[in-house]
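Visitor: Sharing a structure, written as structure tokens. Questions coming.
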């Protein structure tokens, strides 16, 4: 169980470092395709793990469920990069509709819905 908790914490941190906030759009965002935001909900799941990260402005929050046990975390967003709560350790990056991070040493990609 200790390994599961460690994997969860690492996954959340990596997930966050791969996301970022690119919300530099002005009030006219409807008229310009180049102005985009990364705000939204990103998801990943397999047979043992479910990940959900929500980005809003310069903050992110996440829920990792491993074998039915949920853990929560949050942090900051700088550009398209996600950081743990101190803002010092990058854990994920957002590119388009994908959020990339690592979990247990493996690369994981969450998709925006």
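Visitor: Please verify whether the range 63-70 includes one or more residues that are surrounded by fewer than 14 Cβ atoms within 10 Å (Cβ to Cβ) and either modelled with pLDDT of 95 or more or within 11 Å of residue 38 (Cα to Cα) (or both).
Guide: For the range 63-70, residues surrounded by fewer than 14 Cβ atoms within 10 Å (Cβ to Cβ) and either modelled with pLDDT of 95 or more or within 11 Å of residue 38 (Cα to Cα) (or both): present.
Visitor: Among (1) at pLDDT 95 or above; (2) exposed (fewer than 15 other Cβ atoms within 10 Å of the Cβ), there is one condition residue 75 misses while meeting the rest; what is its number?
Guide: (2)
Visitor: Every residue in the range 82-103 that is touching a helix residue (DSSP H, G or I) at 6+ places or on another chain (Cβ under 7 Å) and either closer than 12 Å to residue 51 by Cβ or assigned to a strand (DSSP E or B) (or both), please.
Guide: Selection gives 82, 83, 84, 90, 91, 92, 93, 99, 101, 102, 103.
Visitor: Give the range 104-113 a look and list any residue that's in a strand (DSSP E or B), touching a residue at least 40 places away in the same chain (Cβ under 8 Å) and out of contact with any helix residue (DSSP H, G or I) (no Cβ under 7 Å at 6 or more places or on another chain), or say none.
Guide: 109, 111, 112
The values are calculated or read from the model by the stated rules, or taken from the named source; none is laboratory data. Not measured: the values here are computed from a predicted model. Please note: Cβ atoms are built from the backbone with ideal geometry, for glycine as well, and neighbour counts cover all protein chains shown.
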